[in-house]
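First up is the structure itself, then whatever we jot down about it.
Readers should treat all values here as calculations from the given coordinates under stated rules, not as data from a laboratory. Quantities reported herein were computed from a predicted structural model and do not represent experimental measurements. No Cβ is skipped: glycine too gets one built from the backbone with ideal geometry, and neighbour counts run over all protein chains shown.
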């Protein structure tokens, strides 16, 4: 086995056998799944709770409109006065009381209707009641105008503009957000991986320094081999952890949903509800929303997934190598972890910047000047470029020259940074005792 | 070639600081070569250059007649002064790893490790973690790992630190045995008594420069200064001492009136003791006459101080 392979193997095993690593690897999916299940379960519980609302209707209108359904029950109070109605609402433990006074017109009655409750009423209950009023008021107005309900529904269709690219492909609205989100997930993964495993590389270097084994090892291998072996071995451990997370998380999630009998679509239902509510007349169109979802799914599979994965790997490998060699150099420069703070902040800064610029700028304009700039700049390009890439390469997507420039810049930076980091590493691992300054690090580059 | 290692005008700067200034050494095969010098003299820098951990700015190193190159790493064994082991790794696994890094095959490394573990009486440590071992135990492992790949040249930097006297002796015997088996050894230390015991040759490095080197016995001859320790039995010392003091350089004269014994140190103009004995000429019974051979420590201190003046 070559020396590099030996080092990679040792680093990998040392990491994978580490107790806290094992605990993290197997506990995190359980915790994550537990969280998801808990949220889903609570959402379901919340929805299952039936609210009962007292209705004290003194008017001649709305007598047929407040009917109990699965979510809300209406108790009609009759032959009483307002105070007595409030009292009985309280004693019966109803959620609230809707009072419609006796007026000459439906408009007047609606205007003076009140909803009384112990605490501020929830938006969803109010929305439901408001919808009833809206509908009845509209019907009344239509009747005055002499328009039938069928005629109104015919003209009242919601309008959505159809979008298409110049090449003639039809688009769904919001698809660019979807695309950016997918890129965003990739970018976020890269950032998390760099921060977590770059930290591991750094601590591993510090451990070798403090245990004083470093000089024994670099009398057998070149410091550069040791550094690269460490970086690669740690990355393999990270990939192992990710694979375990994805597989075990998926299995656990399936088991959990089966055991608790939770419909996974509960988690998406909020978006559906809001979209139904905005439809005029409160007419829900489940068939169409399914079609919409299907459209998004179709669109998702139409994405150049293979291309995305390939570029994800390219940017991931280069980005990780650049950042983790900086982490290794920091680990070599200091004697203990508390001294690393001043050096770590400048590394995390571009990563954070990339994520925020990505979310705010790339989402709204994937090919604007800021998005282009950050996707060329080597320290942010692995994240920002991945957010732009789901739009494809070439026409309508990332221009080819930008992609090539970005990767070339990244490779050049990778070579430069690894070279510089290796120099700092080589000197740093043999320096003990004092906390170095940036000035000293700069001096080490010239030794 | 009779030299395992030759350094020729090796120079190394760290920024404005010169760590080594044109240091030349010739280290003969099959001997123990003491590399001496005060703290910060440049010994460790030189050793690191030999191990190709750092590279000289100027000058060259030759290993067994060839310019030093990457392949030589597996022919050199190095026990650094700052040494340690992975704390959470098992002893056997760790020793195997370090041996493999030196180019040994796993199978062969295992066989040799078994031999050494038995030889140093630590056979049952294989599955222990290093953090469970005492400092002395860990040092033994480190020693084994250094010599396991049977290098032609061994470099020990303060090898006895961390050992109790019994184990230090075991290691000393092992070092002598390695020399008997034909290994060349560079030995860097501050402990002068071990220099006397072990070294055949020495080099003294001070303030980045080599100020002295050669065979230890030659150097001692060179540094002895016709100093003698003299003891004699005599009833009344005053008169004789008076006469001696006017004619010779006498130091540390002591007369024990009860034992009637006079002891002193004397520096003669030449190495011929007859002039002293002729001078005394039966005035006293000389019962002790020994030439003072300077110790390595004396030479070390004397040379360094001279240089500092």
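Quick check: the angle from helix B:106-119's long axis to the longest principal axis of chain B, C-alpha only, nearest 10 degrees?
40 degrees
Given that compact globular proteins tend to follow 2.2 N^0.38 Å, what is the ratio of the alpha-carbon Rg of the stretch A:50-148 to that value?
Values: Rg = 13.7 Å, N = 99, 2.2 N^0.38 = 12.6 Å.
Against the empirical 2.2 N^0.38 Å value, I get 1.09 for the stretch A:50-148.
Work out the P(r) tail for the stretch A:387-447: percent of alpha carbon pairs separated by more than 19 Å, whole number.
Everything past 19 Å amounts to 53 percent.
What ratio of Cα Rg to 2.2 N^0.38 Å holds for chain B? Write down the numbers at each step before the final one.
Working: Rg = 24.8 Å, N = 309, 2.2 N^0.38 = 19.4 Å.
Cα-based Rg divided by the globular estimate yields 1.28.
Picking from B:274, B:119, B:191, which is most flexible by a Gaussian network model of chain B using Cα springs under 10 Å?
B:274
Treating the angle as unsigned and between 0 and 90°, give the value, to the nearest 10°, between the Cα long axis of helix B:135-147 and the longest Cα principal axis of chain B.
80 degrees
Write down the percent of antiparallel bridges among all DSSP beta bridges whose residues are both part of chain B, to the nearest 5. Each step should come with its number before you reach the end.
Working: 41 of 58 bridges.
Among the beta bridges of chain B, antiparallel pairing accounts for roughly 70 percent.
Could you state, as a whole-number percent, how many of the C-alpha pairs of the stretch A:326-429 are farther apart than 19 Å?
Values: 2724 of 5356 pairs.
In whole percent, the long-distance tail amounts to 51.
Once the Cβ-Cβ distance between residue A:440 and residue B:150 is put in as r, and R0 is 35 Å, what FRET efficiency do you end up with, to the nearest 0.05?
Numbers: r = 40 Å, r/R0 = 1.15.
The pair residue A:440/residue B:150 has a calculated efficiency of 0.30.
Which whole-angstrom value gives the distance between the alpha carbon centres of the stretch A:14-91 and the stretch A:331-371?
Taking the Cα centre of each part, the stretch A:14-91 and the stretch A:331-371 sit 41 Å apart.
Using the Kirkwood formula on the Cα atoms of the stretch A:354-398, what hydrodynamic radius do you get, in angstrom to one decimal?
9.9 Å
Sorted from largest down, what three extents in whole angstroms do the Cα atoms of the stretch B:225-292 have along their principal axes?
Computed over the stretch B:225-292, the largest-to-smallest principal extents equal 33, 19, 18 Å.
What is the order of A:112, A:154, fewest Cβ neighbours within 10 Å to most? Could the numbers behind the result be given before it?
Numbers: A:112 13, A:154 10.
The most exposed by this proxy come first: A:154, A:112.
Between residue A:305 and residue B:58, take the C-beta separation as r, use R0 = 51 Å, and let me know the FRET efficiency to the nearest 0.05.
Numbers: r = 58 Å, r/R0 = 1.13.
It comes to 0.35.
Could you list B:199, B:31 in order of exposure, starting from the residue whose Cβ has the fewest other Cβ atoms within 10 Å?
Ascending number of Cβ neighbours within 10 Å: B:31, B:199.
For the stretch B:129-266, what mean projected area does the convex hull of the alpha carbons give, in nm²? List each step's numbers first, then the result.
Working: hull surface 56.5 nm².
Its average projected convex-hull area is 14.1 nm².
May I ask for the equivalent-ellipsoid semi-axes of the stretch B:29-179, computed as the square root of five times each C-alpha gyration tensor eigenvalue and listed largest first in whole Å?
Details: eigenvalues 139, 67, 45 Å².
After diagonalising the Cα gyration tensor, the semi-axes are 26, 18, 15 Å.
Give the percent of DSSP beta bridges with both residues in the protein assembly as shown that are antiparallel, rounded to the nearest 5. Intermediate values should be presented prior to the final figure.
Details: 47 of 76 bridges.
Antiparallel: roughly 60 percent of the beta bridges in the protein assembly as shown.
Kindly put A:259, A:384, B:195 in sequence by how many other C-beta atoms sit within 10 Å of each C-beta, fewest to most. If you can, show how the numbers build up before the last one.
Working: A:259 9, A:384 30, B:195 23.
Exposure proxy ranking, most exposed first: A:259, B:195, A:384.
Just subtract the alpha-carbon distance of residue A:111 and residue A:79 from 0.36 nm times their residue separation and send over the number in nm, one decimal. Mind showing how you got there, number by number?
Values: separation 32, 0.36 × 32 = 11.52 nm, distance 2.22 nm.
Difference between extended and current length: 9.3 nm.
May I ask for the angle, rounded to the nearest 10°, between helix B:91-101 and the longest principal axis of chain B, with both axes built from Cα atoms and the value confined to 0 to 90°?
90 degrees
So what is the 222 nm mean residue ellipticity for chain B from helices alone, if each DSSP H run of at least 4 adds -39500 (n - 2.57) and you divide by all residues, rounding to the nearest 500 deg cm²/dmol?
Numbers: 10 runs with 107 residues, N = 309.
Here the helix-only value at 222 nm equals -10500 deg cm²/dmol.
Which number do you get for Rg(Cα) / (2.2 N^0.38 Å) in the stretch A:1-110? The partial results should precede the final answer.
Working: Rg = 30.6 Å, N = 110, 2.2 N^0.38 = 13.1 Å.
Ratio of Cα Rg to 2.2 N^0.38 Å: 2.33.
Residue B:267 to residue B:218: extension gain in nm, 0.36 nm per residue of separation minus the Cα-Cα distance? List each step's numbers first, then the result.
Details: separation 49, 0.36 × 49 = 17.64 nm, distance 2.01 nm.
Gain on extension, residue B:267 to residue B:218, equals 15.6 nm.
Between residue A:367 and residue A:147, with labels modelled 7 Å along Cα→Cβ, what's the label distance in nm to one decimal, could you check?
In this crude spin-label approximation the distance works out to 4.1 nm.
Considering every Cα-Cα pair within the stretch B:7-90, what fraction, in whole percent, is farther apart than 23 Å? Please report the intermediate quantities before stating the final value.
On the way: 908 of 3486 pairs.
Roughly 26 percent, rounded to a whole number.
Which FRET efficiency value, to the nearest 0.05, is calculated for residue B:2 and residue B:176 with the Förster distance at 25 angstrom and r the Cβ-Cβ distance? Write out the running numbers ahead of the final one.
Values: r = 21 Å, r/R0 = 0.83.
Rounded to the nearest 0.05, the efficiency is 0.75.
Over the C-alpha atoms of the protein assembly as shown, what are the Rg and the largest Cα-to-Cα span, Dmax, in Å?
43.1, 156
Between residue A:119 and residue A:65, with labels modelled 7 Å along Cα→Cβ, what's the label distance in nm to one decimal, could you check?
2.9 nm
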